[in-house]
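The values are calculated or read from the model by the stated rules, or taken from the named source; none is laboratory data. The structure presented is a predicted model; accordingly, all values stated were derived computationally and were not measured. Virtual Cβ from ideal backbone geometry, glycine too; neighbours counted across all protein chains shown.
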Amino acid sequence: MSEKFLRNTTLITYSPSKVSIVPCEDILILNFKPHGDEVFWLNTYGLSELNEMKQVVIQNQFDDFLIKLLQDDEHANKVIELDNVLFIALKVLKTDDKNLDNKQLIFVVSSNMLWSLQENHNNHFQWIRDRLSEGKGQVRSKKVDYLLFLLIESLIANYEETFEKLLNADGDSIKVTNINPTPYFTKKVEEQKRRMLNFKKATLSLRNTIVKLETINIIPMDSKYFTELKEQANNLIDEIDFELFELDSKTNLIFSIQGHRLNEIIRTLTLVSVVFIPLTFLVGVYGMNFDYMPELKWNEGYFALWGVMVTLTVAIVVYFKSKKWF
């Protein structure tokens with residue numbers, strides 16, 4: 001028998017009057033036949049010990065299609081009702097990863113048992129274990145649907161905490177008051193937008209899974225728990241949408257500032273060109289090498305040309321000033 005599976009598996013058995021939290025020493029003890037009001041919570045870290053997982057399924061007479069589902073390496077978010085058990089697969093964000101990659105989380109639920117299979121070690125559910133061991137709250141007196149509610153609520157709470165961290169991580173550098181249309185600032189805004197889009201995708205997928213759980217019939221489930229989870233997920237999605245709207249506004253403002261600066265540059269170049277085009281024309285005319293150009297023989301011709309050029313320049317500048325073009 002795999003030592004790795006046993007080492008990474010913990011069995012929690014609880015009822016209103018008692019609780020037992022023990023590491024798994026023998027796979028044969030993982031038998032979840034109903035016994036009074038006891039609820040079993042089996043937690044396993046790692047998804048690679050297929051033979052051991054298969055034995056758990058067989059000795060508890062779960063639907064054998066569950067074996068096939070557990071053998072698949074990747075699952076999108078899904079809820080599948082089997083003959084006597086519920087299969088829930090979730091793609092959960094790695095909230096300790098700045099890139100917000102995802103990891104697999106699976107719940108197998110029967111009328112008195114919940115089996116959570118996590119791809120990696122984490123402490124998302126530690127507070128639930130603490131409440132069970134200390135007898136706090138009402139988790140001991142509730143059925144398995146309430147335990148599932150707490151586990152998914154932990155995921156949403158972790159998402160909310162991560163969302164706040166994301167807002168604070170680059171919040172100061174990309175505030176509206178600090179907007180600067182530089183490549184660095186634009187890059188920061190786009191990185192934050194990408195993270196928020198990934199975050200929204202994961203939250204929407206989790207919300208859709210919760211909606212499916214509201215309609216489950218194979219196992220007695222109190223729909224009010226999942227209605228509450230759906231509302232929490234919707235509130236988080238609203239906050240993400242608001243942040244995405246703000247990021248879009250910042251991007252539009254960056255483009256607006258860049259466009260305004262470009263317009264200012266083009267206007268300056270246009271005004272300079274308008275001033276110098278007639279002067280260039282005059283210089284070009286009197287720079288031609290014709291034999292007969294009467295003005296070249298005038299004693300005051302040079303000063304007259306300068307007078308015309310200065311007068312023309314002043315007139316153009318005054319006209320631009322009157323139009324408030326600069």
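Residues in the stretch 113-159 that are touching a Pro at 6+ places or on another chain (Cβ under 7 Å) and among the small types (Gly, Ala, Ser): 141 only. Checked against the criterion of being touching a Lys or Arg at 6+ places or on another chain (Cβ under 6 Å), closer than 15 Å to residue 206 by Cα and not hydrophobic (A, V, I, L, M, F, W, C), the stretch 78-99 has at least one qualifying residue. Apart from one condition, residue 40 fits all of (1) of a type in the set (A, V, I, L, M, F, W, C); (2) outside any helix (DSSP H, G or I); (3) surrounded by fewer than 18 Cβ atoms within 10 Å (Cβ to Cβ); the exception is (3). Out of the residues in the stretch 283-302 that are in a helix (DSSP H, G or I) and exposed (fewer than 10 other Cβ atoms within 10 Å of the Cβ), which is modelled with the highest pLDDT? In this case the residue turns out to be 284. Restricting 117, 50 to residues that are within 30 Å of residue 196 (Cβ to Cβ), touching a residue at least 12 places away in the same chain (Cβ under 8 Å) and hydrophobic (A, V, I, L, M, F, W, C) narrows the list to 117.
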